[in-house]
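Peer 1: Submitted below is the structure of interest, expressed as structure tokens.
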């Protein structure tokens, strides 16, 4: 594993924020909006490593947009131990970001800054804010304390409160296909992207998804090149991985979409009516937290079995 973290894509925004910092006009309320898995959190990590290292011994390589992940500053940031950074994300046992987390954040903003440096509040997946926590956050960002900066992160598939959006400077992030290829190959330190079955290659699948897919296939002794969407769904159903595997549970929607995207025009037996039927049934099972087993047994019998 590389000892450096490298930023791919988003370099124009990164340079613009550095410039604003240099002229002392760095925005104190930033909203980063973009598709899931394109590196928004990584972007924030690079930004924080740069901002906190420019005036001390820690070093950020602006020529290569990278930093050493083992230096003291990087370790403090990655472990959520930096004295001037407060990160909020949904707790594993919760469905939303609750108001107690915002109250802790407020206490943090009222404390004296360490070394008189600026403070950063990082909130991930802000669409998960509850009503009370959203209102409490609004009060904080309307009149931020001196040297307190907010960076809010949102996956663009979700809507966020307009009252929050309107109070922030919004930046929309995206990656092009060449950047996605570069990220996947850099992660594995080899040319993996070209080995992935074409059923999973399109302009909408993120580097994060493709990296997780490669790891899943290799861990399950499935061929990157030969395993198509039908093979993958068959493996998932046979081994009931929709119950136990976190990667599979997270991307079940996408796998079903990929199946119909491929087959809706290539098979006389699969129509838009059948697609709509399974989409509605899948949504019903998810909405009411029902067992997926009967859904996938029917899916397998009607669509995968010859």
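The values are calculated or read from the model by the stated rules, or taken from the named source; none is laboratory data. Every value quoted in this text rests on a predicted model; they were computed, and no experiment measured them. When we count neighbours, we look across all protein chains shown, and the Cβ atoms used for this are built from the backbone with ideal geometry, even at glycine.
Peer 1: Could you tell me whether any residue of segment 158-175 is assigned to a strand (DSSP E or B), at pLDDT 95 or above, surrounded by fewer than 14 Cβ atoms within 10 Å (Cβ to Cβ) and over 17 Å from the mean Cα position of the chain (by Cα)?
Peer 2: Yes, there is a match, as at least one residue in segment 158-175 is assigned to a strand (DSSP E or B), at pLDDT 95 or above, surrounded by fewer than 14 Cβ atoms within 10 Å (Cβ to Cβ) and over 17 Å from the mean Cα position of the chain (by Cα).
Residue-by-condition table, conditions (1) out of contact with any strand residue (DSSP E or B) (no Cβ under 7 Å at 6 or more places or on another chain); (2) at positive phi; (3) modelled with pLDDT of 95 or more; (4) assigned to a strand (DSSP E or B):
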| residue | (1), (2), (3), (4) |
| --- | --- |
| 104 | yes, no, yes, no |
| 115 | yes, yes, no, no |
| 127 | no, no, no, no |
| 135 | yes, no, no, no |
| 139 | yes, no, no, no |
| 152 | no, no, yes, yes |
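Peer 1: Quick check on this structure: which one of 16, 70, 63 is free of Cβ contacts under 8 Å to residues at least 12 places away in the same chain, assigned to a loop (DSSP other than H, G, I, E, B) and loosely packed, with under 13 Cβ neighbours inside 10 Å?
Peer 2: Within the list 16, 70, 63, the selection yields 63.
Peer 1: Considering only segment 161-182, how many residues are in contact (Cβ under 8 Å) with a residue 40 or more places away in the chain and touching a strand residue (DSSP E or B) at 6+ places or on another chain (Cβ under 9 Å)?
Peer 2: Within segment 161-182, residues that are in contact (Cβ under 8 Å) with a residue 40 or more places away in the chain and touching a strand residue (DSSP E or B) at 6+ places or on another chain (Cβ under 9 Å) number 11.
Peer 1: Right, next: Out of the residues in segment 187-225 that are in contact (Cβ under 8 Å) with a residue 40 or more places away in the chain and within 16 Å of the chain's Cα centre (by Cα), state the one that is surrounded by the most Cβ atoms within 10 Å (Cβ to Cβ).
Peer 2: Result: 207.
Peer 1: Find all pairs meeting these conditions: Cβ atoms under 7 angstrom apart; at least six residues apart or on different chains; first residue within segment 117-130 and closer than 14 Å to residue 28 by Cβ; second residue part of a loop (DSSP other than H, G, I, E, B).
Peer 2: Sorted first by the residue in segment 117-130, then by its partner, the pairs are 118/84; 118/147; 119/84; 119/113; 119/147; 120/84.
Peer 1: Yes or no: residue 121 part of a helix (DSSP H, G or I), in the same structural domain as residue 68 (by TED's automatic domain parsing), at pLDDT 95 or above and on the phi < 0 side of the Ramachandran plot?
Peer 2: No: the conditions fail for residue 121.
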